[in-house]
Structures are given as C-alpha cells and as structure tokens.
1. Suppose R0 equals 30 Å; then what is the FRET efficiency for Arg254 and Arg148 from their Cβ-Cβ distance, rounded to the nearest 0.05?
2. Nearest 0.05, what FRET efficiency do Val129 and Trp242 give at R0 = 45 Å with Cβ-Cβ as r?
3. Which value, in Å to one decimal place, does the Kirkwood hydrodynamic radius take for the range 1-105 when every pair of different Cα atoms is included?
4. Using a 1.4 Å probe over the heavy atoms of the protein chains, calculate the carbon and sulfur portion of the accessible area of the range 345-411 as a whole percent.
5. Run the accessible area of the range 19-107 with a 1.4 Å probe and give the carbon-and-sulfur part as a rounded percent.
6. At 1.4 Å probe radius, can you tell me the per residue accessible area of the chain in Å²?
7. State, to one decimal in nm, how far the label point of His394 lies from the label point of Lys462, with both points 7 Å from Cα in the Cβ direction.
8. Mind checking the log10 I(q)/I(0) for the range 82-218 at q = 0.12, 0.14 Å⁻¹? Debye, one equal scatterer per Cα, no solvent, two decimals.
Amino acid sequence: MVQITNYQKILILVFVLTLPLSNPWVRGDGVGYYAYVRSLLIEKHLDFEKDWKHGNESFVMGRLDSGARILPDQYTSTGHLANLWSIGPSLLWAPFLIVTHAGVLISDRFGAHIPADGFSAPYLIAMAVATSIYGFLGMWISFCVARRYFEEKWAFLATIGIWWATSLPVYMYFNPSWSHAHSVFAVALFLWYWHRTRESRTVRQWILLGLISGLMVNVYYPNGIFLLIPLLEAFSAYWRAWTSRLTRNTEIPRLLVQHLVYVAVFVVSLLPTLVSRRIIFGAALRTGYMPAATWKWSSPALWSVLWSADHGLLSWTPILVAALFGLLLFRKTDRPFATKLIVTSVAFYALIAFYPDWDGLSSFGNRFFISLTPVFVLGLAALFDSVSHGWQGHKAVAIAAVLTSLLIVWNLGLIYQWGTHLIPARGPISWGTAAYNQVAVVPVEATRTLKSYLTRRGKLMKHLEEEDVKQLKSGNE
C-alpha cells in the first residue's frame, strides 16, 4: 500500500482549498480548444459555428459581423471554421464531459430542464474542474520526480513555489479553457515515465512512452520539443553500441526495432491531431498557424522573451531565475538527465524567441513556458538543496520558505492587477505603476474582489470582459 507523506497531504489540502477558484469560463483561445469536445459530443461532428457565435466579445471581434454572422474569411477551403487550436485538451476533458452530458440528459428526463448544449453550467464546471485536476496532477508528478533526488522538504517547497509564483494559477484556475495546465500534466507524465524507464525499457514500455509522447504533442504542439530527450537518449545508446565490438551486431538491431516501435506508436497516437487537421484544413500537417516563412528567423526576441515588460518570462515571474540557475546546479546530481533538460529548455526558449507572437498577446507572463513547469520544479529544488548545505537545517528551511512566500505574494498581486486590468493585459506594462499598485491598491481591493469572484462571479467576469474589450479597442485605434 502506497503511503502518503505529510508533504503530499499538504499538497492535496492546498488543491482542495483552492478548487473553488476554478472558473467555469470559456474565452479567447479557449473557445477553439473547447469547441472540439463540445461539437463532437453535442453535434457529433466538427461544426464550430455555435462555438464561434457563443464566444466572448473579444474573441468574436473580427470573426463575426454586426449581425452576428460568421465572416466568410473564417472558413477554410474544406468549408470548416479555421480552428487552429490543438485537440489535446478536449481529449483530456472528454471523460469528464461525457459523464456530465449523461447526467444532464438523465436529469432532463426527470424535469430538470438543463440545456444539453455543452454551454450550460454543468459542462463548464466539469471543464474547469477537470483542468484544475490535470494541473494538480502535473504538480504532484513533478513533486514526485524532484523528491527522487532531493529531500522531500525541498521538493515540496519548490512545487509550491512554482505552482503559485508563476503563470500557472491563471491557466489552471482563471482561464481553464486554455491548454497550459494540460501541458503541465502531459509533460510531467512524459518526464516521469521516461525517467522511470530510462535504465531499461521493454517493448511494452516503449509503446506506452510513445502514447504519452503523442498525448503531449496533441495537447500543445511546442511540447514536441521534449522529444529531444528520447532522441538524445537514442544517440547515446547507438554510440555506446557502435563503440562496443562485442555487442555491436546484436545491440544496434535491437535498438532499431525498439525505436521504430516507439515512432510508429507516436505517429498513431497523433491521429486525433492529424485527422482533425485534414478535416479542417485539408492537409494533415497544416496547423493554421503562421507559416514558417513569417517567423523572426533573422531577429529572434532572445532578450525580450526573458526580460521585456511585455510579458517577459523572468521579469514577470522572477522565481524562475532561481529555478533556471538551479537547473545548472542539477548537473552535479544527475549530469545526463540535467543535460537533456537544459538542451530541451534552450530549444524551447529558441522556438518561442523565433515565434512572431512571442509575448503571447493577452498573456500573464510568458504563458508558453508553462510547459516547462516540471523542469522548473526540479531546478528550484536543486537550488534549495545546494544552498542549504551552507546553512543550518531549520534556518535554511525558514529562509527558503520566506523568500518563496514573498515571491508568491508578489505574483498573486500581479495576477490580480492583470486580471482586473490595473495593468494592461496586452503589450508592455509600467513596472512603476505595477509596484505602486502592489502596495497601495491590491491590499485594499483584493479581498473585496475575491469575495465577488466567489459569490457573484458571472457579474464580475462580464465586467472584466467589458474592460478587456475597451483596452483592445483602444489599442487598435
């Protein structure tokens, strides 16, 4: 029987206490992500017209005309709406929503009169809760990987720190219809299983790793960068086999068969993405995103991605400075694993730096990097462990806990400012204004807004959407 430690119990308690923050709201990119599961469950085919018409105001701007008719340029050559968002989140929502749909249909038979359309409250609540669960499972798995290397207290503190002092809370609770919390789960599951089987993998384990790899990419295309880890592992294995005269003739064919199985399963597991792209865009490999020719190949935003006031990764979420430094220190503990994580992280960073919309447009911090959350947890735990060697036991824990708490408080205050539009949701912000608000505005208004969020959420969300539309229109003028 698996025993749950005290630190794990605290993680569960934190999740349970914060679950009411889950926001049953589909907006922005989330309209596209959610449309797959809703249309297939209700309409039984990929017809997104109701989803587009039901979208929030800032989403429908430029997609619907003044008569609420979908603009012709929103359709592809196949006659489908150009849903460029990935299908993976809907795959993960599906079990929750299928049960919810069955419950709604049964309730309606007894006179409940709940709209069985995928837009009513039971469906949205199920979606939001499911996202929170997946986000939590991702943090739980990340904690489990970190405690394999470091004392549990450091793994716990790193998990809490990355959970609450980064962009994750926004996309785990406030905007649950987006894909980022699902990425945390899928990437954490991939890293955990790869790590668990890294010494020796059976064919069955290669098959399972291929399925997990496919899920990870189905959820969010840039997660494919993590496939560098098994690729680098394969290079090392072939090199060792080639340099060993005794096993060269038997080991290389064995490796080749295993890797062909992995690749074949991975491709099969990508069928939801490939088939949906074929149906919507007419080609399995066409995503609908900006073509590669338009990317910033000659002028990548290498500095801005990290430090810009326009959603820079490290300027908005400074705890990640410590996490990245700790990732370098992790090389002292497990050089092969750390090297693969560093290479993967650098490649992910380069991908985002080349991307034209590297700032994530309407984003809290640089949301793209939420996929690296399990890596950040491991790096921060490594830093805590390394620094603690120079301090006495309880003193080390106290200092680390205080610093982490301060970064969490700062981050939650900044999330409040971003969510209530005290700072712009799009474009650069004024750090002077943000700092002033943290001291003079947030402590006064946050409690009242939190109460409204918990008791009159619909009205509050409507107000926030109106403010977002105002800022979006003013920015386009």
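1. Numbers: r = 28 Å, r/R0 = 0.92.
After rounding to 0.05, the efficiency reads 0.60.
2. On the way: r = 51 Å, r/R0 = 1.13.
Efficiency for this residue pair is about 0.35.
3. On the way: mean 1/r = 0.0616 Å⁻¹.
That comes to 16.2 Å for the range 1-105.
4. Values: 1810 of 2510 Å².
Answer for the range 345-411: carbon and sulfur cover 72 percent of the accessible area.
5. For the range 19-107, the apolar C and S fraction of the accessible surface comes to 62 percent.
6. Working: 21820 Å² over 477 residues.
Accessible area per residue: 46 Å².
7. For the pair His394/Lys462, the computed spacing is 5.4 nm.
8. Taken in order of the listed q values, log10 I(q)/I(0) reads -0.60, -0.76.
The values are calculated or read from the model by the stated rules, or taken from the named source; none is laboratory data. The structure displayed is predicted, hence computed values, not measured ones. Every residue, glycine among them, receives a Cβ derived from its backbone with ideal geometry; neighbour counts consider all protein chains shown. Each accessible area value is taken on the protein alone, full model and side chains, heavy atoms only, with ligands, DNA and RNA left out. Shrake-Rupley method; radii C 1.70, N 1.55, O 1.52, S 1.80 Å.
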